Amino acid sequence: MEAIEKTARAGGKTIEFYPRQKLSPEQPDAVFNHESAPEVIAAVKAKLAEKDVTAVAYGVVRLGSNEVENRKVFEFCKTMGIGIVVTEPEVAALDQIEALVKEFDIKMAIHNHPRRPLDRAYLFWDPEYVLSLVKDRDPRMGACADTGHWVRSGLDPVECVRILKGRIFDSHLKDLDEKGNPKAKDVPYGGGVSNISAILAEYHKQGYPGPIHVEYESNWEDNVPDVTRCLDFVRAWKPAVE
């Protein structure tokens, strides 16, 4: 509930829910996700309506070989009116996941975490690899562009966005204080090395309709002012006149 309230305070209009998100300070042991009881889901929907915030994405959530568990995720999103499932899926299960995408008319977006030098089997950090997984599949199979994790991996986020043109359905937009460092920290947009203006320009060029989500993990207990600055940066941004 706090996340919804803080999103509204910062001036945000959309939200992406996280599967391990605590429900509220009053119920610290309760978690809101696709396993939640109907009355919990109803309470969250009421809070969204009260604050005029729309839930548009859910993740990062696991989608694997268990069709029953995968279906729970899609059914939850349908109930919530959420149109994007953000995941780092089991690649062998993509045929099964694609069938659910078609059945529910809900998009699947593959998320990227940073490159893992000690785990070469982890490849989602590479936009070329993500593109190879979705390019010949249903057009609702695509990517969640976490620009901060690309920067942490030492990549150019603008080029990564170009690579995934037409397949980006969600964006975790981040500006960081350092490139190539997995522990780089979030800073307000325009104050770091991510070249947020150029990323926005590329999104504009591609006709990307959004959503853009501020995933801000610095100053965790009091980050609403920084998130507000990020949202203000996006609202104030204008494409260059050619």
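The values are calculated or read from the model by the stated rules, or taken from the named source; none is laboratory data. Only a predicted model underlies this, so the values are computations on that prediction, with no experimental measurement involved. Positions of Cβ are backbone-derived with ideal geometry, glycine not excepted, and every protein chain shown enters the neighbour counts.
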Subject >> Subset of the range 179-189 (residues that are surrounded by fewer than 20 Cβ atoms within 10 Å (Cβ to Cβ) and charged (D, E, K, R)) >> reply: K179, K183, K185
Subject >> Criterion: in a loop (DSSP other than H, G, I, E, B) and surrounded by fewer than 20 Cβ atoms within 10 Å (Cβ to Cβ) - qualifying residue of G192, G210 >> reply: G210
Subject >> Criterion violated by S132 - all others in (1) within 30 Å of I196 (Cα to Cα); (2) among the polar types (S, T, N, Q); (3) surrounded by 15 or more Cβ atoms within 10 Å (Cβ to Cβ) satisfied >> reply: (3)
Original post:
If you check I110 against the conditions, is it free of Cβ contacts under 8 Å to residues at least 60 places away in the same chain, more than 30 Å from S218 (Cα to Cα) and surrounded by 15 or more Cβ atoms within 10 Å (Cβ to Cβ)?
Top reply: no
**OP:** Among the strands (runs of 3 or more DSSP E) lying completely within the range 14-55, list those that include at least 1 residues that are touching a residue at least 40 places away in the same chain (Cβ under 8 Å) and under 20 Å from K78 (Cα atoms).
**Re:** 14-17
**OP:** Run V151 past the list (1) within 17 Å of A57 (Cα to Cα); (2) surrounded by 22 or more Cβ atoms within 10 Å (Cβ to Cβ) and report the number of the one that doesn't hold.
**Re:** (1)
Original post:
Is it true that some residue in the range 131-140 is under 23 Å from R20 (Cα atoms) and either touching a strand residue (DSSP E or B) at 6+ places or on another chain (Cβ under 8 Å) or not assigned by TED's automatic domain parsing to the domain that holds Y18 (or both)?
Top reply: no
